[in-house]
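Notes follow the structure.
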Amino acid sequence: MKISYLSDQFFNRLETLALNLKSDLAGYFGGKHLVKTYGQTVEFSDYREYQFGDDIRRIDWNLFSRFEKYFLKLFTDERQMQVQIFLDCSGSMGKDNPKKSAYAVAVAAALGFLSVHNMDKVSLNFMKGEKSHNPFGTIIGKQSFFRAVGAFDDLDFEGEVDINKCVQSCPDTSSNNGLSVIISDFFTDNDWKKAVDYLRYKNRQVLLVQILTPEEVDPAYDGRVNLIDSESVDVTDTRNMKLRITRSLQKAYQDALEDFKKDIRDFCIKRSADFITVSTDAKIEKVIFGELLKVGMIG
């Protein structure tokens, strides 16, 4: 029986939230994201003096009667964001732990819902091997979104994923028009950092969401154990090993994990990207309302 966090109550709790952009974008007209450029909305922003060639319909005649100068009314501009969600579908994300894959799917669905709820476009890209698979195309509106959510139960988590190649193989990565989210545990030998560099080169806002299980955060192993890599297809793989777990080894693991997360966090800071790490024993609401709020991603 598959685990799922998705329900009507789950999505209803998200309706009061919105994804935030930290910089202006040259996106599409008709969205809800205010930008610093001036546009055609009804929300007044400022005045400036008339210049030759300006639209005379924007002249404020009340000001002309007072100052005998022509001033234009300026209004804020609103744009539509394109949100890309990249979900790591490798074996380590849920082959032997369906709760982890269900949790990752729920985070992806929550971010997708927040996008369409606020009139943004969204694409759901499932990373497998060296390619991103997007079976739904560009999703606009809740009706299309919920049709896509109905197919989430068919996702398989297996094998290895090259995040960099998957992201760069995505055909709809436009420049300066929105947010790209990568959901993964980042347990990979491939250089995923190149994917972030590529997205930042495209001038996209980037969010990394690291999903870990309680066992990965604090393994409760003791004595002699056989460790089998969940992405391995060969029992003779050198990543599979027999170990005797000791306190010193557990301490070394904890230190290595903290160094690993710090490396991701420091890299993201240098690239002006956002990073959160969560454990699957935390409520999804804590991720959405707490962690994303801390990094300024929702409002």
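Derivation of every value follows stated rules applied to the coordinates shown; laboratory data play no part. Every value quoted in this text rests on a predicted model; they were computed, and no experiment measured them. Don't worry about glycine lacking a Cβ; one is built from the backbone with ideal geometry, like all the others, and counts go over all protein chains shown.
Some notes on this structure:
- Neighbour-count order for I163, I56, I269, fewest beta carbons within 10 angstrom listed first: I56, I269, I163
- Residues with amide H under 5 Å from that of K128, placed H, sequence gap 5 or more: H133
- Spin-label model distance (nm) - E130 vs R247, 7 Å beyond Cα toward Cβ: 4.8 nm
- Based on the convex hull around the alpha carbon atoms, the stretch 85-199 presents an average projected area of 6.5 nm².
- Listed peptides 104-116, 186-198 by packing density, highest first (mean Cβ within 10 Å): 104-116, 186-198
- Which listed pairs, of K194/K294; K131/K283; K202/K262; K202/K286; K99/K142, have C-alpha distances above 28 Å, in listed order: K131/K283; K202/K286
- Each residue in R57, R147, R271 was given a count of other beta-carbon atoms within 10 angstrom of its own, and listing them fewest first yields R57, R147, R271.
- Under 5 Å, built H, 5+ apart or other chain: amide partners of D274: V206, L207, L208
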